[in-house]
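**Student:** There's a structure below that I have some questions on.
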Amino acid sequence: MPAEYIPVLIYVVLAAGFLVALLFVAKLLRPHAPSTVKQEIYECGIPVESSARSRYSVRFYLIAILFVVFDVETIFLFPWAVRYKQLGWFGVAEVAVFLAILFVGYIWAYKKGALRWH
């Protein structure tokens, strides 16, 4: 092992040791009085009605993915808007093609009924 890495190794060992020591001290000093009331699940004061492991409708995931896809549109439009003057008409054509493809996807999702929530 090269001698240049010894200070880095010492630093990593000291940092890890410090972390473990702090966790150990915190475990010794913290109050620990478990009870059934403290072990219960708390959701804004409302009693739990069912298990959190229940299945969600596929429609929920479809809406979430569509939201991400249409939200990414903004991410792609921002750099274009920043460099609008330098890109000129080529940039306008590129964004027009991008928005046309996005619009076709939006129409397809609408016709498939993916945007209806009920």
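**Student:** What are the residues in segment 21-53 that are at pLDDT 85 or above and part of a helix (DSSP H, G or I), if any?
**Tutor:** Hits for segment 21-53 are Ala21, Leu22, Leu23, Phe24, Val25, Ala26, Lys27, Leu28, Leu29.
**Student:** Looking at the structure I just gave you, is Tyr84 over 29 Å from the mean Cα position of the chain (by Cα), surrounded by 10 or more Cβ atoms within 10 Å (Cβ to Cβ), of a type in the set (Ser, Thr, Tyr) and at pLDDT 80 or above?
**Tutor:** The answer is yes for Tyr84.
**Student:** Of all residues being β-branched (Val, Ile, Thr) and closer than 19 Å to Tyr110 by Cβ in segment 67-81, which is surrounded by the most Cβ atoms within 10 Å (Cβ to Cβ)? Just the residue, please.
**Tutor:** Among them, the one singled out is Val69.
**Student:** I need every pair where a residue in segment 81-96 that is touching a residue at least 12 places away in the same chain (Cβ under 8 Å) has its Cβ under 6 Å from the Cβ of a residue that is in a helix (DSSP H, G or I) and not polar (S, T, N, Q), sequence separation at least 6 or different chains.
**Tutor:** Qualifying pairs under 6 Å: Val95/Trp80.
The values are calculated or read from the model by the stated rules, or taken from the named source; none is laboratory data. The shown structure was predicted, so the numbers you read here are calculated from the model rather than taken from an experiment. So basically every Cβ, Gly included, is an ideal-geometry build from the backbone, and we count neighbours across all protein chains shown.
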